[in-house]
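Take a look at the structure below.
The values are calculated or read from the model by the stated rules, or taken from the named source; none is laboratory data. What you see is a predicted model; the values in this text were computed from it and never measured. All Cβ positions, glycine included, derive from the backbone under ideal geometry; neighbour counts span all protein chains shown. We work out accessible area using only protein heavy atoms, side chains counted, and drop any ligands, DNA or RNA first. Shrake-Rupley method; radii C 1.70, N 1.55, O 1.52, S 1.80 Å.
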Amino acid sequence: MPPRIHRLQVKNLRSVGAEKIVIDFPEQGTLTLLGENNAGKSNITRALDILFGEMWPGSRQLDEHDFHGRDSDGLDVQIAAQVSGVRCPYCSGNVKWLKWKHDLGAPGPNGDPVTYSFVCGSDYCDRTFPKREMRTALSAAVLDADRRLDYQLSYASKFTMLSKLMRRFHERLLSDAARKEQ
């Protein structure tokens, strides 16, 4: 079974507030995010980029505008992905979740506000520190690493795709006289 993402959870990232947003990925096909401007579509792609993008998540620092309400005081940003098909590098069990958290109020043992961990399905495995190979394998299999995620999610490519879709939508809308009149 190839690695894949089943669910994404996001909390306190940009327009996503304290109530977690949960996105279930389809078993087959493509997940498409549709919504009005400022609905949070880019925030979801930002969360995916933090977990699976080119930069190692443990070294990722947030800017003030990345916090919900643009205020980092007392907010903990959390991103988690439920995955399958990823082997634990320590016990050969299956990884269930990859988790990333930025919390100034509860920094890790080294004083860093960022923690990056995983949950293994094995009851006997107590390791939580992800190895680079594990994350790279998931990124390559799930996110089509033939091209970098940063490129796939770049504003230029998103707006190019969006403008093409909107032009097609507009053309189809105007091609129906009754719909055009309405």
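In the set SER72, SER92, SER42, SER15, only one residue is touching a Phe, Trp or Tyr at 6+ places or on another chain (Cβ under 9 Å) and of a type outside the set (Asp, Glu); that residue is SER42.
Pairs linking a residue in the range 90-110 that is modelled with pLDDT under 80 to a residue that is open to solvent by less than 70 Å² (accessible area, probe 1.4 Å), with Cβ atoms under 6 Å and 6 or more positions apart or on different chains, are GLY108/THR115.
Scanning for something assigned to a helix (DSSP H, G or I), touching a strand residue (DSSP E or B) at 6+ places or on another chain (Cβ under 6 Å), within 23 Å of ASP24 (Cβ to Cβ) and not acidic (Asp, Glu), does the range 57-74 turn up at least one residue? Yes, some residue in the range 57-74 is assigned to a helix (DSSP H, G or I), touching a strand residue (DSSP E or B) at 6+ places or on another chain (Cβ under 6 Å), within 23 Å of ASP24 (Cβ to Cβ) and not acidic (Asp, Glu). Can you list residue pairs whose Cβ atoms sit under 9 Å apart, with the first residue in the range 8-30 being assigned to a loop (DSSP other than H, G, I, E, B) and the second being among the acidic types (Asp, Glu)? Count only pairs 6 or more apart in sequence or on different chains. Close Cβ pairs satisfying both conditions: ASN12/ASP76; ARG14/ASP66. The residues in the range 116-132 that are over 12 Å from TYR90 (Cα atoms) and either in contact (Cβ under 8 Å) with a residue 40 or more places away in the chain or in contact with a helix residue (DSSP H, G or I) (Cβ under 8 Å, 6 or more places away or on another chain) (or both) can be counted, and the count is 2. Can you name every residue in the range 66-89 that is open to solvent by less than 50 Å² (accessible area, probe 1.4 Å), of a type in the set (D, E, K, R) and free of Cβ contacts under 8 Å to residues at least 60 places away in the same chain? Selection gives ASP66 alone.
Here is a yes/no grid of residues against (1) open to solvent by 50 Å² or more (accessible area, probe 1.4 Å); (2) under 12 Å from the mean Cα position of the chain (by Cα):
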| position | (1), (2) |
| --- | --- |
| ILE5 | no, yes |
| VAL16 | no, no |
| LYS20 | yes, no |
| PRO26 | no, no |
| GLY35 | no, no |
| ALA39 | yes, no |
| THR45 | no, yes |
| TRP56 | no, no |
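A single member of GLY35, GLY58, GLY17, GLY74 is small (Gly, Ala, Ser) and touching a His at 6+ places or on another chain (Cβ under 7 Å), and it is GLY17.
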